[in-house]
Amino acid sequence: MAAAVALLTSAGGHHLGFANRLGFRVGTVVLVVALAVYVMEKERHLRRLATLLVNERVLGAALSNRLKELAVLYEAGKALNSVLVIDDVLQLILASAFELLEASSGSILLLEAPDNLVIACRAGEVDDGSVSP
């Protein structure tokens, strides 16, 4: 397209009778400018679509993570309803937290008095490097 415009507007293009008219040359330049504007608008549109696609994938991954969390919580709730011993309930809660948080160790602390926390359940590696049951 650019080569045709260069040929039509160059001094060598005078043997083309219709290309010598000013209206034809102006029309050709306007057409090229209009095509350039069209191409730039299409490129902007494609960039917007690409951004939307990336955002959709990010939201899809976040939704997938939320569904996993809900499934773990649902399974933990079912297990908690079937256990009546408090130590077993705390172990189930801690196991579910490990799965959700992808943790390797943790504990559940209970408040016995306003300023007294007691370790009720512990699993994984502890600070001294040993592993508790």
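Is region 24-72 rounded, prolate or oblate when judged by the Cα gyration tensor, a ≥ b ≥ c being the square roots of its eigenvalues, rounded requiring a/c under 1.5 and prolate requiring a/b larger than b/c? It is prolate, given that a/c is not under 1.5 and a/b is the larger ratio. In sequence order, region 90-102 has phi-based couplings of 5, 4, 5, 4, 5, 4, 5, 5, 4, 5, 5, 8, 6 Hz under the Karplus curve 6.51 cos²θ - 1.76 cosθ + 1.60, θ = phi - 60°, and Gly or Pro positions carry x. Amide H to amide H, with H built 1.01 Å from N, C121 comes under 5 Å of I108, counting only residues 5 or more places away or on other chains. If R0 equals 35 Å, the separation of the Cβ atoms of L73 and L117 corresponds to a calculated FRET efficiency of about 0.90.
3J(HN,Hα) couplings calculated from phi for region 68-75 with the Karplus curve 6.51 cos²θ - 1.76 cosθ + 1.60 (θ = phi - 60°) are, in sequence order, 4, 4, 5, 5, 5, 5, 4, 5 Hz; Gly and Pro show x.
None of the figures in this text is laboratory data; all of them are computed from the coordinates on show. Quantities reported herein were computed from a predicted structural model and do not represent experimental measurements. Note that each Cβ is placed from the backbone with ideal geometry, even for glycine, and that neighbours are counted across all protein chains shown.
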